[in-house]
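Working notes for the structure below.
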Amino acid sequence: MLQAMMASFKSKDPNTKVGCVFVDDNNHQLSMGYNGQIAGIDESKIPWGNIKSVPLDQQKYAYVVHSEANAILHAKASLIGSRCYVTLFPCHECAKMIATVQVKEVIFLSDKYNDTVENQIAKRIFDMANVNYRELKLDLGVIKSLSDYFSSLIS
């Protein structure tokens with residue numbers, strides 16, 4: 001999970017930084033991703049705002065590639081039977097991709113959208129595809145300390 005947390009710091013999203021790492025049975029990293037803009041596009045021309053009262057073309061949601069999708073797209077080896085460590089429970093779109101590449105387990109830090117329809121759909125996708133998922137319970141003090149430490153390295 002620490003690798004996923006480190007990956008999240010690469011995101012330029014000012015509101016939600018998400019990191020993801022896929023590992024094999026020996027915990028060797030297969031792929032890593034973070035939420036970011038589309039490769040090859042000048043990021044200065046893309047909005048990072050998330051004010052839902054403005055048109056979709058002026059919000060980040062239309063342009064950001066999620067951490068799980070980035071990791072899947074950049075995987076150099078098969079992800080079949082791998083585990084996914086992700087800092088935020090996957091959305092339903094990412095759940096479709098995770099299930100399609102036959103990941104066996106998703107371990108997440110936060111499920112802050114737990115009560116949304118999209119989150120319920122993601123869990124249903126995982127249930128139907130036999131993808132196990134569980135929250136990694138860490139001491140919040142440890143998470144805060146690690147977050148502060150890595151933020152200081154990046155700043």
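The values are calculated or read from the model by the stated rules, or taken from the named source; none is laboratory data. If you're wondering where the values come from, they're calculated on a predicted model, not measured in any experiment. Because the Cβ atoms are built from the backbone with ideal geometry, glycine has one as well, and the counts that use them run over all protein chains shown. Areas reflect the complete protein model, heavy atoms only, side chains present, ligands, DNA and RNA absent. Shrake-Rupley method; radii C 1.70, N 1.55, O 1.52, S 1.80 Å.
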Matching residues in segment 86-107 - criterion: being out of contact with any strand residue (DSSP E or B) (no Cβ under 9 Å at 6 or more places or on another chain) and either open to solvent by less than 10 Å² (accessible area, probe 1.4 Å) or not in a loop (DSSP other than H, G, I, E, B) (or both): His92, Glu93, Lys96, Met97, Ala99, Thr100
Only one residue in Asp24, Asp42 is acidic (Asp, Glu) and modelled with pLDDT under 95, so which one is that? Asp42
Of a type in the set (A, V, I, L, M, F, W, C), open to solvent by 30 Å² or more (accessible area, probe 1.4 Å), modelled with pLDDT of 95 or more and touching a Ser or Thr at 6+ places or on another chain (Cβ under 6 Å), is that true of Leu30? yes
Got at least one residue in segment 44-53 being of a type in the set (Ser, Thr, Tyr) and in contact (Cβ under 8 Å) with a residue 24 or more places away in the chain? no
Conditions first: (1) among the polar types (S, T, N, Q); (2) within 20 Å of Lys12 (Cα to Cα); (3) open to solvent by 70 Å² or more (accessible area, probe 1.4 Å). Ser151 passes all but one, so which condition is the exception? (3)
Out of all the residues in segment 41-58, is one or more β-branched (Val, Ile, Thr), over 27 Å from Leu2 (Cβ atoms) and touching a strand residue (DSSP E or B) at 6+ places or on another chain (Cβ under 9 Å)? yes
Extreme residue, nearest to Lys17 (Cα to Cα), among residues of segment 33-60 that are under 19 Å from the mean Cα position of the chain (by Cα) and of a type in the set (Gly, Ala, Ser): Gly36
